[in-house]
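Novice: Once you've had a glance at the structure underneath, I'll fire off some questions.
What follows is calculated from the coordinates using simple rules that are stated; it is not laboratory data. Small disclaimer: the values here were computed from a predicted structure and weren't measured. So basically every Cβ, Gly included, is an ideal-geometry build from the backbone, and we count neighbours across all protein chains shown.
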Amino acid sequence: MQQEFVLILDFGGQYNQLIARRVRECNVYCEVKPYNKVTIEEIEKLSPKGIIFTGGPQSVYGEDAPSVDKKIFEMGIPVLGICYGSQLMAYSLGGEVATCKVSEYGKTETNYDLSNKLLNGVENMPEKAITWMSHTDYISKLPNGFKAIATTENCPVAAMANDEKKLYAVQFHPEVNHTEYGVNIIESFLKNICGCKGDWTMQNYAQIAIKEIREKVGDGKVLLALSGGVDSSVLAALLSKAVGNQLTCIFVDHGFMRKNEGDEVEEAFKDWDINFVRVDAKDRFMDKLRGVSDPETKRKTIGEEFIRVFEEEAKKIGKVDFLAQGTIYPDVIESGSGDAAVIKSHHNVGGLPDYVDFKEIIEPLRMLFKDETRKLGQELGLSPTLVWRQPFPGPGLAIRIIGEITDEKLEILQDADWIFREEIAKAGLDRDIHQYFAVLTSMRSVGVMGDFRTYDYTLALRGVTTTDFMTADFARIPYEVLETCSARIVNEVKNINRVVYDITTKPPATIEWE
Ligand code: XMP
């Protein structure tokens, strides 16, 4: 099946992934490629239904400013330029770009002229709406054949159009939520200008991916390190559907999973056609971590031990043909390469097991975003506990116990974290808060229980909302929910007499405490 395809040319802007996600949300398949890594001939071969230029940090007049071959505008393929992309379109086609007298940043009132195909195609598009701006240059003279279709107080060309040639440009960022009707403008470009129908669904993708995996793997053996996280779990499900028990999943349980989680992962795969190997390695990890309190040493120690355990188990299986990795699209885009396989290191250690003998790495999820990966998991019938699992760091609770880890502290944290998660789910907040967990601090303080004075640990609760985990806000959990959590935790979990809620954003704090 020929999939509709849109090409996103990346000029280095900060929202490029977001543009791709928005396009995919319109059920149109797209790929992001660095602007200088695709030639006109390659674009011809790819035959995209449309091209989007992203923003970028440069000025078109700057030294080494990214540029495009002008032939791109003569191919009959619709183009939408965003921010730098809009300036580049204007400049390349004979218009002019100048420095703004007043730079525009943030929410900006924008006036639209709706008599063009792009904006006309947006249902209920108003003549005035808020857009998100971030620019110091602006289009000061339109190229021939274009007209301005949006203006702001300080920007005479907040958007421009050449309907005949299907060339459009917006100075604002339609991909950002703050731009009202932004996603609709992108959708109008895709559907009304490029003629996309929107055939990209996870049902289609599953069929295509299963067929491709079968062709590639043949009767070969596949090995996967399953962490129980969304990516590796969905990958296990996909591979199982494709090649059944030619797949072996090794699940190294380091003992720092949340309460019952190791069993949940095992249970979720019980009825799947795969070889599932669970390695209970808690004692080995605890031995290695004795006396270790520095966060980075914890990470490194856990990472190294993980590889060692994985290697030992893999050796028992003997030669495998393919090592499967749960790399997803943001990893690919972030590597900047747009093509070469990036080695996704488990638990933050650079590199793959040295002694596992395999021919090739396969990464069947490498073109999917996280939300698509979850949808694929749902499509494949994977357990909702795995599909909707919140992100969990490779080293697990080991970096949520401040200082040295002991069996006792691990149990305290598992119990407290369990209560927190249970209450959040009861309050119906589990899909709104992107990551939430308990941290066992190393601080003890005085309390009173009954007639007795206590001197016990302080537990911190953390909940964040975020789009990309690079920045985050603390979740506004209702006081009543926090109150229940606090009461239950001090009553039901031994050795905790104080509960605090972390109200810092990232930056300056990080999401995790270690
Ligand atoms: P921070 O704490 O850096 O976390 O704001 C950002 C995201 O990364 C996760 N995280 C990790 N994931 N190994 C992982 O696999 C790690 O060592 C690690 N440290 C942080 C964190 O849970 C959050 O989602």
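Novice: Rounded to two decimals, what is the ratio between the C-alpha radius of gyration of the chain and 2.2 N^0.38 Å?
Specialist: Compared with the compact-globule rule of thumb, the chain sits at 1.11.
Novice: Still on this structure, please answer the following. Using a Förster distance of 35 angstrom, determine the FRET efficiency expected from the C-beta separation of Lys370 and Val292, and round it to 0.05.
Specialist: 0.65
Novice: Just in the range 459-489: which trypsin sites (Lys or Arg not before Pro) are loop by DSSP and have at most 13 other Cβ atoms within 10 Å?
Specialist: Filter output for the range 459-489: Arg476.
Novice: Counting only C-alpha contacts under 8 Å and six or more residues apart, can you give the relative contact order of the range 5-193 as a whole percent?
Specialist: Contact order relative to length: 21 percent.
Novice: Using 0.36 nm per residue of separation minus the Cα-Cα distance, give me the extension gain between Lys128 and Arg214 in nm, one decimal.
Specialist: In short, 25.7 nm is gained.
Novice: To continue, here is another question. Considering amide H positions built from the backbone, and no H for Pro or chain starts, which residues 5 or more places from Val292, or on another chain, come under 5 Å of its amide H?
Specialist: The list, which skips near neighbours in sequence, is Ile405.
Novice: What does the extension gain come out to for Asp357 and Glu312, with contour length at 0.36 nm per residue minus their alpha carbon separation?
Specialist: Using 0.36 nm per residue and subtracting the Cα-Cα distance, I get 15.0 nm.
Novice: Something else: Mean residue ellipticity at 222 nm from the helices of the chain, using -39,500 (n - 2.57) per DSSP H segment of n ≥ 4 over the full residue count, to the nearest 500 deg cm²/dmol?
Specialist: -9500 deg cm²/dmol
Novice: What is the calculated FRET efficiency for Gln3 to Asp430, with r their C-beta to C-beta distance and R₀ = 41 Å, to the nearest 0.05?
Specialist: 0.75
Novice: Using Cα pairs closer than 8 Å and at least 6 residues apart in sequence, work out the relative contact order for the chain, in percent.
Specialist: Reported as a whole number, the value is 10 percent.
Novice: If I model a spin label at Asp283 and Thr201 as a point 7 Å from the Cα along the Cα→Cβ vector, what separation in nanometres do I get?
Specialist: 5.2
Novice: Find the centroid of the Cα atoms in the range 366-419 and in the range 116-193, then give the distance between the two in whole Å.
Specialist: Spelled out, the Cα-based centre of one part sits 41 Å from the other.
Novice: To continue, here is another question. Starting from the alpha-carbon convex hull of the range 87-160, give the projected area averaged over all orientations, in nm².
Specialist: 4.8
Novice: Over 21 Å between C-alpha atoms is what I'm after, so list which of Lys37/Lys375; Lys33/Lys71; Lys70/Lys141; Lys71/Lys101; Lys117/Lys370 land there.
Specialist: Correct reply: Lys37/Lys375; Lys71/Lys101; Lys117/Lys370.
Novice: Please compute the length gained on full extension between Thr465 and Lys147, using 0.36 nm multiplied by the number of residues separating them and subtracting their Cα-Cα distance.
Specialist: Separation in residues times 0.36 nm, less the Cα-Cα distance, equals 110.4 nm.
Novice: Any idea what the dipole of the chain comes to, in debye rounded to 20, about its Cα centre with Lys/Arg Cβ at +1 and Asp/Glu Cβ at -1?
Specialist: 360
Novice: What FRET efficiency, computed as 1/(1 + (r/R0)^6) with R0 = 60 Å and r the Cβ-Cβ distance, is obtained for Asn36 and Arg453, rounded to the nearest 0.05?
Specialist: My answer for the efficiency is 0.30.
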